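Visitor: Sending over a structure as structure tokens; questions will come in a sec.
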Number of protein chains: 2
Amino acid sequence: MNKYADIQAKISDSGLKVTHQRTVILEAVHNMNSHPSVEQIYDYVKESCPSISLGTVYKTAETFVEKGLIAKVSTHEGHMRYDPKLDNHGHIYCTNTAEIVDYYDEELNEVIINFFKKKKVSNLKIKNITLQINGDKIDPDKEISIK
Amino acid sequence: MNKYADIQAKISDSGLKVTHQRTVILEAVHNMNSHPSVEQIYDYVKESCPSISLGTVYKTAETFVEKGLIAKVSTHEGHMRYDPKLDNHGHIYCTNTAEIVDYYDEELNEVIINFFKKKKVSNLKIKNITLQINGDKIDPDKEISIK
DNA sequence: TCCTAAATAGGAATAATTCTTATTTAAGAA
DNA sequence: TTCTTAAATAAGAATTATTCCTATTTAGGA
């Protein structure tokens, strides 16, 4: 019984060696629920892996992005954050609190997908499409909702 | 007859002192036609203002963003670039060449605007909405087109 | 022309990220 | 299981990006 079994399966399936560092880093990105930065991942994984080095976290996060295990999101300020969710969704970035909030809308997805079906982008191999809303959170103690 | 007249009017109208540095920096962002980075702006303006300091370019670019004279765009890699165009448009970011290409589509604009009219985002003061397509340019010598 | 608050140059300080290399380790082969 | 080896990691140096500090300069109003 290994609580990391599914995480390790993902790493292995992507063709990477399963190391303790990679396991805890991928688990962190999945469980932190906050689009963490490298530094935040580092702080989190030090609990279960105190000797891990920051360089390893940088390198591993990028490796996971290359392998399609996680996604990266760059904030309006140009800071890199990581996201375990690989499905189509948008991001709200709060410029005052640095929070990233996911939002899902099937209709909006469809409209965008249809747009790029109809229009032809030539000479470009599209990797991803991101719709990001940037703004200030008005009351920092309350949630942002979209409905 | 001052070739900077319109540029300087913009600076002045936004409530900022009109300095030579600000003038050439704003002119650079408008005329470089390439969503330049701070470093690129710095190299460009050194021609007409050799003693300008890099710190001034950093500070001035951010000041212009605050005043709404230019926009900032963060690439998929988290690097900051500046954009003189303030109207609604999307960006294609080429991950292999670091180019940013503008694209305009009235229909897509409308769809997105309508979405945010219909849906209510609460507790957020929206500053801007960006739709960015990230991908590799296939033939680096040819243009990207969208039609 | 004078005055003053704001802007700038220059460089130091800090932060973010990548690189280097010796050591360790995963995982396949024997 | 043990051996082998290429790949991964730790640690910290190096590099790059950005901000900060302060003395000097300057725009623009009085």
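The values are calculated or read from the model by the stated rules, or taken from the named source; none is laboratory data. Note that the structure is a prediction, hence the values are computed from the model and not measured. In this analysis, Cβ positions are derived from the backbone assuming ideal geometry, glycine residues included, and neighbour counts consider all displayed protein chains. Heads up: the accessible areas ignore ligands, DNA and RNA and are worked out on the full protein's heavy atoms, side chains in. Shrake-Rupley method; radii C 1.70, N 1.55, O 1.52, S 1.80 Å.
Visitor: Can you pull the Kirkwood radius for region A:39-147, inverse mean 1/r over Cα pairs, to one decimal in Å?
Guide: Over region A:39-147, the inverse of the mean reciprocal pair distance is 16.3 Å.
Visitor: Residues with beta-carbon under 14 Å from that of B:Glu39, excluding B:Glu39: net charge, scoring Lys, Arg +1 and Asp, Glu -1?
Guide: Within the 14 Å Cβ shell, the charges total +1.
Visitor: Using a Gaussian network for chain A with springs between C-alpha atoms less than 10 Å apart, which of these wobbles most: A:Ile70, A:Ile129, A:Ile25?
Guide: With Cα springs under 10 Å in chain A, the top fluctuation among A:Ile70, A:Ile129, A:Ile25 is at A:Ile129.
Visitor: Based on the Cβ-Cβ distance from A:Val111 to B:Gln21, what FRET efficiency comes out when R0 is 51 Å, to the nearest 0.05?
Guide: The computed FRET efficiency comes out at 0.70.
Visitor: Defining a contact as two alpha carbons under 8 Å apart and six or more residues distant in sequence, what relative contact order in percent does chain A show?
Guide: Worked out over chain A, it gives 18 percent.
Visitor: Of the accessible area of the protein assembly as shown, with the probe set at 1.4 angstrom, what percent is carbon plus sulfur?
Guide: Of all accessible area on the protein assembly as shown, carbon and sulfur atoms account for 50 percent.
Visitor: Rolling a 1.4 angstrom probe over the protein heavy atoms, how many square angstrom per residue are accessible across the protein assembly as shown?
Guide: Each residue of the protein assembly as shown exposes 54 Å² on average to a 1.4 Å probe.
Visitor: Accessible area of A:Lys119, 1.4 Å probe, to the nearest 10 Å²?
Guide: 50 Å²
Visitor: If a/c stays under 1.5 just call it rounded; otherwise compare a/b with b/c (prolate if a/b is bigger, oblate if not). Do that for region B:1-72, with a ≥ b ≥ c from the square roots of the Cα gyration tensor eigenvalues.
Guide: Note, shape of region B:1-72 comes out rounded.
Visitor: Compute the distance in nm between two label points, each set 7 Å from the Cα along the Cα-to-Cβ direction, one at B:Asn33 and one at B:Asn2.
Guide: Here the answer is 2.6 nm between the modelled labels.
Visitor: Where Rh denotes the Kirkwood radius from the mean inverse Cα pair distance, what is Rg over Rh for the protein assembly as shown?
Guide: Result for the protein assembly as shown is an Rg/Rh of 1.00.
Visitor: Just how far, in whole angstrom, is region B:37-75 from region A:98-147 if you go by their alpha carbon centroids?
Guide: 29 Å
Visitor: Shifting gears a bit: Estimate for me the total accessible surface buried between chains A and B (protein heavy atoms, probe 1.4 Å, no ligands or nucleic acids), in Å² to the nearest 100.
Guide: 4100 Å²
Visitor: How large is the translational diffusion coefficient of region A:87-147 in µm² per second when you combine the Kirkwood radius over alpha carbon pairs with Stokes-Einstein at 20 °C and 1.002 mPa s?
Guide: 159 µm²/s
Visitor: In a shell of Cβ-Cβ distance under 12 Å around A:Thr56, excluding A:Thr56 itself, what net charge do Lys and Arg (+1) and Asp and Glu (-1) give?
Guide: +2
Visitor: Using 1/(1 + (r/R0)^6) with R0 = 41 angstrom and r between the beta carbons of B:Lys67 and B:Asp136, what's the FRET efficiency to the nearest 0.05?
Guide: Approximately 0.70, to the nearest 0.05.
Visitor: Another question, if that's okay. Measuring from a point 7 Å out along Cα→Cβ, what nm distances, shortest first, does A:Asp139 have to its partners in the other copies?
Guide: So the label point of A:Asp139 gives 5.7 nm to the other copies.
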